[in-house]
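A short write-up of the structure that comes next.
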Amino acid sequence: RFHATCPRVNRYVSWLWLALACCTLFGCQRCSGNPYQGDAILADAAAAPSLEPTDQPIPEAFQKDALWNQAMQSEDDIDLASLADREGASGLLDALEVGGKVGQTALAALPMADDAPVAFRRLSQLVLLTQGSAQQRVMQTIFSIAETPIHRGEPIDDGGAELCAMALTRLVQDSKTPAPLRSLAISTLRLPAFVVFVDASTNPMTPGAPPG
């Protein structure tokens with residue numbers, strides 16, 4: 001006869017409760033399903049939208065918006081600047097998550113927003129979560145924001161620039177990072193917006209030196 005008081009069963013039940021307690025109290029990666037648990041940049045990151053050139057349908061709301069429609073079709077700096085002026089960084093970040101042509105247009109317009117640096121936090125995640133041409137687009141946007149002077153007010157950054165510097169440093173130090181992307185990351189880290197966060201003792205970047 002099988003008894004619930006069997007020592008082997010008791011040990012099994014004890015281990016089961018211990019495993020459940022680990023998942024509940026400590027949120028272990030395997031139980032939570034978050035591969036970035038504990039990562040300072042990616043722990044709370046949402047999945048990256050598709051920013052590769054695709055035939056992804058454009059949502060009707062953007063098709064019917066004359067300014068969005070014009071900016072998506074022309075990709076002209078004047079139209080992108082008008083879009084950035086109206087939407088601001090927050091509106092463009094929301095559109096970025098739509099992906100496809102809308103997301104690509106939002107990326108292109110972000111450096112023209114007066115409060116563009118508020119996008120650094122999300123861009124620091126996307127530059128690590130994307131690959132190929134999408135990653136290059138995100139990297140170029142980060143560079144363009146960092147080198148563009150801000151004309152009105154002092155935008156709230158909430159630590160985004162420091163996270164961005166951490167993400168770019170990670171790319172620079174990763175031997176798998178494509179050479180063109182690594183070179184652009186180094187150039188970006190040399191800009192005043194980020195260089196203050198660069199630890200010269202751990203970062204292989206040295207001013208004037210070619211990327212290794």
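Worth a mention:
- Once the Cα-Cα distance is subtracted from the 0.36 nm per residue extended length, the A81 to S175 segment shows a gain of 30.2 nm.
- Segments 138-147, 120-129 sorted - mean Cβ within 10 Å per residue, highest first: 120-129, 138-147
- Accessible area per residue was computed with a 1.4 Å probe on protein heavy atoms; D85 scores about 110 Å².
- Percentage of interatomic Cα-Cα distances in the stretch 46-192 larger than 25 Å: 25
- Derived scalar couplings ³J(HN,Hα) [the stretch 101-109; Karplus, 6.51 cos²θ - 1.76 cosθ + 1.60; whole Hz; x for Gly, Pro]: 5, 5, x, 5, 5, 4, 4, 5, 7
- Residues in the stretch 164-181 reached by a label modelled at D44 [backbone nitrogen below 15 Å; 7 Å Cα→Cβ]: 164
- Solvent-accessible area of the stretch 79-150 (1.4 angstrom probe, protein heavy atoms only): carbon and sulfur portion equals 47 percent.
The values are calculated or read from the model by the stated rules, or taken from the named source; none is laboratory data. Since the model is a prediction, treat every value here as computed from it, not as a measurement. Every residue, glycine as well, gets a Cβ built from its backbone with ideal geometry; the counts of neighbours run over all protein chains shown. Accessible surface is based on the protein model in full, side chains and every heavy atom, while ligands, DNA and RNA are left aside. Shrake-Rupley method; radii C 1.70, N 1.55, O 1.52, S 1.80 Å.
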